[in-house]
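Undergrad: For reference, the structure I am asking about is given below.
The values are calculated or read from the model by the stated rules, or taken from the named source; none is laboratory data. Since we're looking at a predicted model, the values are computed, not measured. Don't worry about glycine lacking a Cβ; one is built from the backbone with ideal geometry, like all the others, and counts go over all protein chains shown. We work out accessible area using only protein heavy atoms, side chains counted, and drop any ligands, DNA or RNA first. Shrake-Rupley method; radii C 1.70, N 1.55, O 1.52, S 1.80 Å.
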Amino acid sequence: MARPTDPNAASPASLPRGPAPGAGSRGSTPGGRSLTSTFAGYAVLVFFSLLFLYPFVIQIANSLKTEPDATANPLSPLPDPISFGGYERVFLGTDMPLWLGNSLLVTVIVTVGRVFLDSLAGYALARLRFRGRRALFSAVIAVMAVPGVVLFIPKFLVLNQFGLYDSYTALILPVLVDATGVFIMKQFFESIPVSVEEAARIDGAGVFRIFWSVVLPMARPALITLTIISFQGTWNEFPHTLVAVQSPDLFTLPRGLADLVTGSLGMGTRYPLKLGAAVLATIPVAIIFVIFQRYFIRGANEGAEKG
Amino acid sequence: MPDTTTRAVRRRFRPTAATREAVAGWLFVAPVVTILGLFLLVPILMALWVSLTDWNGQGSPFLAGVPYVGLRNYTRLFTEDNLARQDFMTSIRNNFYYVVIVVPVQTVLALGLALIVNGTRLRGRTFFRTAFFFPSVTSSVAMSVVFLFIFANSGAANHLLALLGVDGPQWFADPRGVLHLLLGRIGLVDPEAPPAALTGGGPFGLSWWEWLSGPSVAMATIIMLVIWTTSGTFMLMFLAALQDIPVALEEASMIDGAGRWQRLRHVTLPVLRPTLFLVLTLGLIATWQVFDQVYVMSQGNPAKTTLTPAYLSYQTAFRDFEYGTGTAISFVLFLIIVILALVQRRVMHGRADRPRLRRPAWTRRS
């Protein structure tokens, strides 16, 4: 399917100069690509961007259609007529306002918690000398390697045992720190020259003060990356809510949406409504993605380095 | 630490700088250590115990009345002929076919897209990168809802197929195995009346015919969704690695007269090998954990053909209240993932021992 590097694409007979060996001498374009292969590459890219983006077009367009229109013309990007009925029913007929509120609350607290606590631990692991530091770092790496699904039932067990099940605490506390964040921050702090801290130390600043007013301000890029991946991860989090809470008052948006779709609320097909709810679940992360794209990309690659 | 603290206590009002640093160190890591310990380490230990019992969710699993069954929750998944084993083996089969398709396809797609995006000097390079990556950051639940609509009976996919003159299937209601359908298409066997040799028996309570089903049509939709969502992340990893290739290396190979294909084989791919290994490993680990999409789109249906071990363990514990069996399934899944990751590491390391940048034939000419 994806054979972008198809060597045949580079040798059309019609071109005045074939793909002669010694391609470095060919033309002034770096890489020396022929027109046809440029075109072929372009065509592949356009095809795949349609494939990757059209589902979002379908999602948005159909959330704005009437029920019969969505059933009859699901492919069409243009609602005819435009109808906000789906959204109306999302807000009036479901607990959407509650879900949005819960999601926002949980996401903000978890993001702030992760950024602060992961930085603290990352700094200690990167800079402070104390017994057991190395073992702790190995433990952090080991924790990152534990597959999340294995923890569903165990997390429920511990929440149940401590009497925390079905509470905001259950939604928030277990995910308030994450090993990947600690790892990212540790890597970053190690890249900052020690001399800065030493100057502050000579001035008599305490450890926390150095961390808070000297090192942390320098860590802005890493902090933004961590904020963004925490926000995105928590906003989208689903399975944890399944094992942490059961009462509808505590549902976050993904949980409410899942409930809406799996039929326990008897919504039938009603696709404009469901797609409208899905749009609302997608928008916050989409906005942040557009603004902070390069931090998302950094985040994806930081995650990669841990392997 | 004991040494320094006692010394510090002795000089009570003047703790040494080293002591202060050590204390600060532990204070700094304390919240992370506490939370990870309480919600990761302790739960795993608790779950190990629960997997040895028949706890039904009532009260605490650590009270005296909870029946202890030893390793039975594990053995019944493998050796006893019962529904639990049947379901477990079915989920393993389903997830196996899922992994076998998703991992190679997403890896090749990610690599391919990264190569063209990287190679293109066209305008819009950032746009394409964004377009491919965006699905990766969205909510799995929301995207499952979108794909439910796309693959609905009169949904976008079937409308598109109708434009091409194809009568689309009822995706989510179709338990037929894709491999069965293919075998039927080439006339090897009749899916309606499979040969008795295959239906007669087979390992672990499923017949050979059932093992050979391939992913069901319903599972195919989840496969497409996941490939669509995750390829972008892996593309970024390849892209980052591609940008690390020194331009001099590429130019040298061009001057040496390497064609595009040769350059890919002998310059680019060897440099990408660590990334390739990483992408395959991450893919393998993630695909064995597929859960959200199954929960939202199919709940294991139709005919249990989208059941996966992760979903089965959830269902067994929280719907059937058999926490012991559910937990045992989790741990078996854990073991599968660990073993596969280790095997893959060994295989890839065996290969990586060879010199990474062999001088290919075309450079030896001169």
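Residues are listed down the side, and each one gets a yes or a no for (1) touching a residue at least 40 places away in the same chain (Cβ under 8 Å); (2) within 30 Å of B:Arg129 (Cβ to Cβ); (3) in the same structural domain as B:Asn94 (by TED's automatic domain parsing); (4) touching a Phe, Trp or Tyr at 6+ places or on another chain (Cβ under 7 Å):
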{"residue": "B:Ser207", "(1), (2), (3), (4)": "no, no, no, no"}
{"residue": "B:Glu250", "(1), (2), (3), (4)": "no, yes, yes, no"}
{"residue": "B:Arg260", "(1), (2), (3), (4)": "no, yes, yes, no"}
{"residue": "B:Leu264", "(1), (2), (3), (4)": "yes, yes, yes, no"}
{"residue": "B:Thr275", "(1), (2), (3), (4)": "no, yes, yes, yes"}
{"residue": "B:Trp288", "(1), (2), (3), (4)": "yes, yes, yes, no"}
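Undergrad: Any idea which of (1) modelled with pLDDT of 90 or more; (2) among the hydrophobic types (A, V, I, L, M, F, W, C); (3) open to solvent by less than 50 Å² (accessible area, probe 1.4 Å); (4) touching a helix residue (DSSP H, G or I) at 6+ places or on another chain (Cβ under 8 Å) is the one A:Ala61 doesn't satisfy?
TA: For A:Ala61, the exception is condition (4).
Undergrad: Go through segment A:223-238 and give me each residue that's hydrophobic (A, V, I, L, M, F, W, C) and not in a helix (DSSP H, G or I). It would help to see each step written out before you state the result.
TA: If we filter segment A:223-238 for residues that are hydrophobic (A, V, I, L, M, F, W, C), which is where we start, we get A:223-224, A:226, A:228-229, A:231, A:235, A:238.
Hit for segment A:223-238 is A:Phe238, nothing else.
Undergrad: May I pose another question? Given the structure, is A:Asp118 within 30 Å of B:Thr19 (Cα to Cα) and either out of contact with any strand residue (DSSP E or B) (no Cβ under 9 Å at 6 or more places or on another chain) or among the polar types (S, T, N, Q) (or both)?
TA: yes
Undergrad: Which helices (runs of 4 or more DSSP H) sit wholly inside segment A:142-207 and have at least 1 residues that are aromatic (Phe, Trp, Tyr) and over 26 Å from B:Ile329 (Cα atoms)?
TA: Details: elements: A:152-161, A:168-172, A:179-190, A:194-202.
Where helices (runs of 4 or more DSSP H) fall fully within segment A:142-207 and carry at least 1 residues being aromatic (Phe, Trp, Tyr) and over 26 Å from B:Ile329 (Cα atoms), they are A:168-172, A:179-190.
Undergrad: Could you check segment B:143-198 and list, in sequence order, the residues that are over 15 Å from B:Ala220 (Cα atoms) and of a type in the set (Ser, Thr, Tyr)?
TA: Passing the criteria: only B:Ser154.
Undergrad: Given the options B:Val117, B:Val146, B:Val137, name the one that is open to solvent by less than 10 Å² (accessible area, probe 1.4 Å), among the hydrophobic types (A, V, I, L, M, F, W, C) and in contact with a Lys or Arg (Cβ under 8 Å, 6 or more places away or on another chain).
TA: On inspection, the qualifying residue turns out to be B:Val117.
Undergrad: Determine if segment B:223-230 includes at least one residue that is outside the structural domain of B:Tyr295 (by TED's automatic domain parsing), among the aromatic types (Phe, Trp, Tyr) and open to solvent by less than 40 Å² (accessible area, probe 1.4 Å).
TA: no
Undergrad: Given the criterion touching a residue at least 12 places away in the same chain (Cβ under 8 Å) and small (Gly, Ala, Ser), identify the matching residue among B:Ala110, B:Ala64, B:Ala142.
TA: Numbers: B:Ala64 fails: touching a residue at least 12 places away in the same chain (Cβ under 8 Å); B:Ala142 fails: touching a residue at least 12 places away in the same chain (Cβ under 8 Å).
Answer to the selection: B:Ala110.
For (1) within 8 Å of chain B (Cβ to nearest Cβ); (2) over 22 Å from A:Gly113 (Cβ atoms); (3) not in a helix (DSSP H, G or I), each residue gets a yes or a no:
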{"position": "A:Pro221", "(1), (2), (3)": "no, no, no"}
{"position": "A:His240", "(1), (2), (3)": "no, no, no"}
{"position": "A:Pro254", "(1), (2), (3)": "yes, no, no"}
{"position": "A:Leu260", "(1), (2), (3)": "no, yes, no"}
{"position": "A:Pro272", "(1), (2), (3)": "no, yes, no"}
{"position": "A:Leu275", "(1), (2), (3)": "yes, yes, no"}
{"position": "A:Leu280", "(1), (2), (3)": "no, yes, no"}
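Undergrad: Determine whether A:Pro74 is modelled with pLDDT under 90, closer than 19 Å to B:Gly119 by Cβ and in a loop (DSSP other than H, G, I, E, B). Steps first, answer last, please.
TA: Details: modelled with pLDDT under 90: yes; closer than 19 Å to B:Gly119 by Cβ: no; in a loop (DSSP other than H, G, I, E, B): yes.
No: the conditions fail for A:Pro74.
Undergrad: Take B:Leu198 and decide whether it is under 31 Å from the mean Cα position of the chain (by Cα), open to solvent by 60 Å² or more (accessible area, probe 1.4 Å), of a type in the set (A, V, I, L, M) and more than 9 Å from chain A (Cβ to nearest Cβ).
TA: On the way: under 31 Å from the mean Cα position of the chain (by Cα): yes; open to solvent by 60 Å² or more (accessible area, probe 1.4 Å): no; of a type in the set (A, V, I, L, M): yes; more than 9 Å from chain A (Cβ to nearest Cβ): yes.
No: the conditions fail for B:Leu198.
Undergrad: Looking at (1) in contact with a helix residue (DSSP H, G or I) (Cβ under 6 Å, 6 or more places away or on another chain); (2) at pLDDT 85 or above, which one does B:Asp256 not meet, given that it meets all the others?
TA: (2)
Residue-wise test of (1) touching a helix residue (DSSP H, G or I) at 6+ places or on another chain (Cβ under 8 Å); (2) open to solvent by 60 Å² or more (accessible area, probe 1.4 Å); (3) closer than 26 Å to B:Gly37 by Cβ.
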site: A:Gln161; (1), (2), (3): yes, yes, yes
site: A:Met185; (1), (2), (3): yes, no, yes
site: A:Val207; (1), (2), (3): yes, no, yes
site: A:Leu216; (1), (2), (3): yes, no, yes
site: A:Ile228; (1), (2), (3): yes, no, no
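Undergrad: Residue by residue through segment B:48-69, note down the ones that are among the aliphatic types (A, V, I, L, M) and either in the same structural domain as B:Gly326 (by TED's automatic domain parsing) or open to solvent by 60 Å² or more (accessible area, probe 1.4 Å) (or both).
TA: Listed by number, the residues that qualify are B:Leu48, B:Leu63, B:Ala64.
Undergrad: Let me ask something else about it. For B:Phe172, state whether it is open to solvent by less than 30 Å² (accessible area, probe 1.4 Å) and closer than 26 Å to B:Ala286 by Cα.
TA: In short, no.
Undergrad: State which residue is nearest to B:Thr287 (Cα to Cα) when the search covers only segment B:232-261 and only residues that are crowded, with 18+ Cβ neighbours inside 10 Å and touching a Pro at 6+ places or on another chain (Cβ under 8 Å).
TA: Checking each candidate, the answer is B:Gly232.
Undergrad: Right, here's the next one. Quick one: A:Arg134 ticks every box in (1) among the charged types (D, E, K, R); (2) at pLDDT 90 or above; (3) not in a helix (DSSP H, G or I) bar one, so which box is it?
TA: Going through the list (1) among the charged types (D, E, K, R); (2) at pLDDT 90 or above; (3) not in a helix (DSSP H, G or I), A:Arg134 breaks only (3).
Undergrad: Sort out which residues of segment A:168-182 are away from chain B (no Cβ under 11 Å) and open to solvent by less than 30 Å² (accessible area, probe 1.4 Å), and write them in order of number.
TA: A:Leu171
Undergrad: Filter segment A:243-257 down to the residues that are open to solvent by 10 Å² or more (accessible area, probe 1.4 Å) and closer than 15 Å to B:Arg319 by Cα and list them by number.
TA: A:Gln246
Undergrad: Of the numbered conditions (1) at the interface with another protein chain (Cβ under 9 Å from one of its Cβ atoms); (2) farther than 30 Å from B:Asn153 by Cβ, B:Pro309 satisfies every one except a single condition; which is it?
TA: (2)
Let's see how each residue does on (1) more than 30 Å from A:Ser37 (Cβ to Cβ); (2) among the hydroxyl-bearing types (Ser, Thr, Tyr); (3) touching a strand residue (DSSP E or B) at 6+ places or on another chain (Cβ under 9 Å):
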position: B:Thr130; (1), (2), (3): no, yes, no
position: B:Ser139; (1), (2), (3): yes, yes, no
position: B:Ser144; (1), (2), (3): yes, yes, no
position: B:Asn153; (1), (2), (3): yes, no, no
position: B:Arg176; (1), (2), (3): yes, no, yes
position: B:Ile186; (1), (2), (3): yes, no, no
position: B:Pro194; (1), (2), (3): yes, no, no
position: B:Leu198; (1), (2), (3): yes, no, no
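Undergrad: Further question on the same structure: Got a sec? Which of A:Leu253, A:Leu273, A:Leu280 is in contact (Cβ under 8 Å) with a residue 12 or more places away in the chain and touching an Asp or Glu at 6+ places or on another chain (Cβ under 9 Å)?
TA: A:Leu273
Undergrad: Return the pair list, or none, for Cβ contacts closer than 7 Å from residues in segment A:108-120 that are within 12 Å of chain B (Cβ to nearest Cβ) to residues that are among the aromatic types (Phe, Trp, Tyr) and part of a helix (DSSP H, G or I), at least 6 apart or on different chains.
TA: A:Leu120/B:Phe28
Undergrad: Then there is this: Is it true that some residue in segment B:279-292 is under 28 Å from B:Ile245 (Cα atoms), at pLDDT below 90, of a type in the set (S, T, N, Q) and open to solvent by less than 20 Å² (accessible area, probe 1.4 Å)?
TA: no
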